[in-house]
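Below is one structure, written out as structure tokens; comments come after it.
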Amino acid sequence: MLNDRRPPRPTAPHLMDGPRFHWRWGPHMLVSILHRVSGTVLSLAGLPILIVWLGALVAGPDTYASFAGATETLLGRFVLFVVSWAFFMHMLSGLRHFVLDAGAGYELQTNKRWALVILVAAPLMTVLFWILVLSR
Amino acid sequence: MAANKGTPIGRAINLGSAHHGVQHWLRQRAASGFNLFLGLWLVFSLLMLPDLGYATLRDWMDGPIPPIALGLLAITAAWETRLGLQVVIEDYLKGADKVAALSLLHLFAAGVTASGLYLVVRLIADSR
């Protein structure tokens with residue numbers, strides 16, 4: 001049979017040619033996967049933290065004080081920093097998706113430029129947010 | 001039945017749309033629109049407060065907007081979580097793993113909504 005000699009059909013997502021990726025990283029691809037990563041971080045870390053924060057407020061001043069103390073540890077700061085980056089990243093790449101949904105911004109140069117802007121703007125907004133939080 | 005014969009594409013062809021794709025797509029956009037505004041509202045509200053201490057936050061919760069907006073956020077954020085992570089799970093997992101992960105996801109989203117609404121009601125009920 002002809003079929004038996006054919007290599008296996010590619011399956012989606014088709015990422016590898018043998019041991020090697022058959023594509024190179026570009027800003028738009030990085031934004032695309034970071035949209036998923038940041039959305040997952042917001043869902044699995046951001047939402048539970050929001051619920052625990054509300055729970056600590058309901059429980060009273062003592063519980064709230066230990067919650068606030070936990071956010072000021074090195075680990076707490078790191079987690080909140082990552083979650084806040086995920087918020088700004090997901091917001092910007094989400095806005096980019098709204099534009100793409102409208103059928104705009106697919107030209108190679110435009111697409112690459114806005115992807116780069118988002119990759120730079122999200123960390124900048126995160127740092128600005130923390131400067132405002134910590135400077136009060 | 002003849003419909004069960006042939007390749008997967010041969011069976012699917014000429015059947016038309018399943019009429020589920022657009023609904024999921026639209027709901028995802030609706031949820032993300034709500035979360036865009038509610039998320040920005042939360043970030044700016046927290047930045048506008050003089051501090052994030054217990055007394056300040058409980059005073060803030062006495063107003064009508066924060067509990068309503070936080071209750072809405074518990075619904076719409078869990079909604080987007082459910083729709084968004086559903087797509088991620090469907091892309092990377094297959095068979096029983098996929099079913100198990102989707103079940104856990106539904107439970108997680110329902111749990112976030114229920115506990116968020118419960119806690120907001122408690123915050124209102126406990127205020128002076």
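The values are calculated or read from the model by the stated rules, or taken from the named source; none is laboratory data. Owing to the predicted nature of the structure, the values given are computational and were not obtained by experimental measurement. With ideal geometry, Cβ positions are generated from the backbone for all residues, glycine too; neighbour counts draw on all protein chains shown. When the accessible area is computed, the model is the full protein with side chains, heavy atoms only, and any ligands, DNA or RNA have been set aside. Shrake-Rupley method; radii C 1.70, N 1.55, O 1.52, S 1.80 Å.
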Cα centroid separation, segment B:24-45 to segment B:54-72 (Å): 19
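How much area per residue is accessible in segment A:25-134 when the probe is 1.4 Å and only protein heavy atoms are counted (Å²)?
Details: 5850 Å² over 110 residues.
Averaged over the residues of segment A:25-134, the accessible area is 53 Å².
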In segment A:8-47, accessible area falls by at least 40 Å² from chain alone to full assembly (1.4 Å probe) for A:Arg36, A:Ser43, A:Leu47
Enter the buried accessible area of the A/B pair, total of both sides, probe 1.4 Å, in Å² rounded to the nearest 100. 2900
Distance from the Cα centre of segment B:74-128 to that of segment A:10-70, in angstrom? 14
Quick one: pull the percent of accessible area on the protein assembly as shown belonging to carbon and sulfur, 1.4 Å probe, ligands and nucleic acids left out. 70
Tell me, what is the per residue accessible area of segment B:20-126 in Å², probe radius 1.4 Å? 54
Segment A:25-134: relative contact order as a whole-number percent, Cα under 8 Å and 6+ apart: 40
Kyte-Doolittle mean at least 1.0, axial Cα span of 30 Å or more - DSSP H helices of chain A: A:74-101, A:108-134
SASA check, A:Glu72, accessible area w/ 1.4 Å probe, all protein chains in place, rounded to nearest 10 Å², comes out at 120
What chymotrypsin sites (Phe, Trp or Tyr not before Pro) does segment A:1-96 have in DSSP loop regions with at most 10 other beta carbons within 10 Å? A:Trp25
Name the most mobile residue of A:Leu100, A:Leu108, A:Leu47, meaning the one with the largest mean-square fluctuation, in a Gaussian network model of chain A with Cα contacts below 10 Å. A:Leu108
